[in-house]
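Rule-based calculations on the coordinates, nothing more; no lab input. All figures in this text were calculated on a predicted structure; none of them were measured in a lab. For neighbour counting, all protein chains shown are included, and Cβ atoms are generated from backbone atoms with ideal geometry for every residue, glycine included.
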Amino acid sequence: MIERILLTLNEGNRNPVSLRDILVEDDPVLPILTLRITDKRVITMLHNLRNVRYVEPLDYWPAIASDDRSTSGCSPSTYALNASDYTTISPNAKLPWNFNNHSIPAAWSSSQGGGVTVGVIDGGISASQPLLGSDFNNGDSNVGRTVATSATLGTSAYTTCSHGNSMSGLAIGARNNTGASTGVAYKSNLKFIRACEDVILDKSSEKTAVKNALIAMGNDPAVRVISMSIGSPFSSSVLTDGVNYAYGLGKMIMAAAGTSFSWTSWWGVIYPAALTKCVAVTGVKENGSKCGSCHDGSQVDLTICMERSSNSSRNSLSLSPSGNSPSYIGGSSAATATAAGIAALVWSAKPSATRAQVLTCLTSTAQFANAPSGSKGYGNINAAAAVNCALAL
């Protein structure tokens, strides 16, 4: 393949190019070559070969200026914390208001996520939040939990983008004694991989990095649930290959249906959530309508109540980039991380369960179990009922 590409590129070329000139990535696991090609003859030749699965533009030249790229979702909310949006629970943690809407505290009587590792793929985690670092085993979460961080984009998981920090805090944050908010599966382990700059996958490097993160998650036998509160409005075969790989190794992949401004929230479910091998999650208000910035559609599988009906700024609560005062975080991103935490509770309750059995417990006990909605799937998750379902397997 490479020889044929170089032969076509160098035909009539006085300055021959080498593989080093065009190779971006030769995936060591999946049959994917990423090449920098601007010659129409090569693209046509590849398109006509039967042993080429797909030829897909991963990005374009000239590249879009970095100033025009998104920074969506990276900045924490500055909305003042309302005392009615949490209650204090032992040993001195704040319980987000919406956890009660999903019977999460009731589920804790049987399962707290022990023995399960949740993988989070996102834009970065904060080095200034010890509850996701040196103090990961704080309070009731002091059970020998492990946290591992790495990056497939850049060299470090620690960045100024706090989105991944919030998602990790929601899914597995410690039930702490410092006054910070607790996560759902507060005895679960965390594997965090930075694979993007923000929540919108609009760079070729981000799509490739997310694919590589999915391969890494798939190859880690400890990871059972993967949470991805990131995505793109457009289909990507590279992302699909990554999802297929992790799914083939038994992972439950939960992905955000999409979050955007009100003038684009009419758009349907984004990728990779729209893929059948992902569990698509979106957020709803207390009154059941979708959250102000959330996407929904026929591919949605489950929902999480994460926004006050009267105030879209008061949504889920999670760990701040630093300090112990919780920050508001919303959209389908927060819904997905919360759902991933619940899935960890269910799997922890029955470690021998298959992925299909865990998903069945989530859907068969949810709000619309008997008559799924055309835009919200099985609706709101009931964590306690789902855990009890797993215990009965």
Calculate, in whole percent, how much of the Cα-Cα pair population of segment 254-393 lies beyond 24 Å. 28 percent
Residue separation times 0.36 nm, minus the C-alpha to C-alpha distance between Asn100 and Ser156: what's the value? 16.6 nm
Amide N proximity, segment 327-351 versus Ser310 label position 7 Å along Cα-to-Cβ, cut-off under 15 Å: none
Sum of side-chain charges, Gln299 neighbourhood, beta-carbon under 15 Å (Lys, Arg +1; Asp, Glu -1): +1
Expected 222 nm ellipticity per residue - DSSP helices of 4 or more, -39500 (n - 2.57), all of the chain, to 500: -7500 deg cm²/dmol
Ratio of Rg to Rh for segment 2-55, alpha carbon only, Kirkwood? 0.95
Name the residue, out of Tyr60, Tyr186, Tyr247, whose mean-square fluctuation peaks in a Gaussian network model built on the chain with Cα pairs under 10 Å. Tyr60
The alpha-carbon center of segment 334-359 and that of segment 83-145 are separated, in whole Å, by 15 Å
Can you put Asp122, Asp85 in order of Cβ neighbours within 10 angstrom, beginning with the fewest? Asp85, Asp122
Once you have the Kirkwood Rh of segment 1-144 from its Cα pairs, apply Stokes-Einstein at 4 °C and 1.567 mPa s and quote D in µm²/s. 60 µm²/s
Can you give the % of DSSP beta bridges in the chain that are antiparallel, to the nearest 5? 30 percent
Mind checking the angle between helix 163-172 and the chain's longest principal axis? C-alpha axes, 0 to 90 degrees, to the nearest 10. 50 degrees
Run the numbers on the chain and let me know its relative contact order in percent, using alpha-carbon pairs under 8 Å that are six or more apart. 17 percent
Toy charge model, Lys and Arg Cβ at +1, Asp and Glu Cβ at -1: segment 83-391 dipole around Cα centroid in debye, rounded to 20, equals 400 debye
How large are Rg and Dmax for segment 129-190 when calculated on the C-alpha trace, in angstrom? 11.5, 34
Report the residue, chosen from Ala93, Ala273, Ala335, that carries the largest GNM mean-square fluctuation when the chain is represented by alpha-carbon nodes joined by springs under 10 Å. Ala93
Residue order, fewest to most surrounding Cβ atoms within 10 angstrom, among Trp97, Trp108: Trp97, Trp108
Which residue fluctuates most in the GNM of the chain (Cα springs below 10 Å): Ser232, Ser352, Ser293? Ser352
Per 5 Å bin, what percent of the C-alpha pairs of segment 216-259 does each bin hold, from zero upward? 5, 22, 29, 25, 13, 4, 1
Starting from one equal scatterer on each C-alpha and no solvent at all, send me the Debye-based log10 I(q)/I(0) for segment 221-314 at q = 0.10, 0.11 Å⁻¹, two decimals. -0.27, -0.32
Cα-centred dipole magnitude for segment 2-55, charges only on beta-carbon of K, R (+1) and D, E (-1), debye, nearest 20: 220 debye
Among the listed pairs Lys187/Lys350; Lys191/Lys211; Lys191/Lys277; Lys203/Lys285, which are separated by more than 25 Å between their Cα atoms? Lys203/Lys285
Other residues with Cβ under 13 Å from the Cβ of Thr354 give, with Lys and Arg +1 and Asp and Glu -1, a net charge of +4
Treat the count of other C-beta atoms within 10 Å as a stand-in for reagent exposure and order Tyr79, Tyr158 from fewest to most. Tyr79, Tyr158
Heads up, segment 83-391 by the C-alpha gyration tensor (a ≥ b ≥ c square roots of eigenvalues; a/c under 1.5 rounded, else a/b over b/c prolate, else oblate) looks rounded
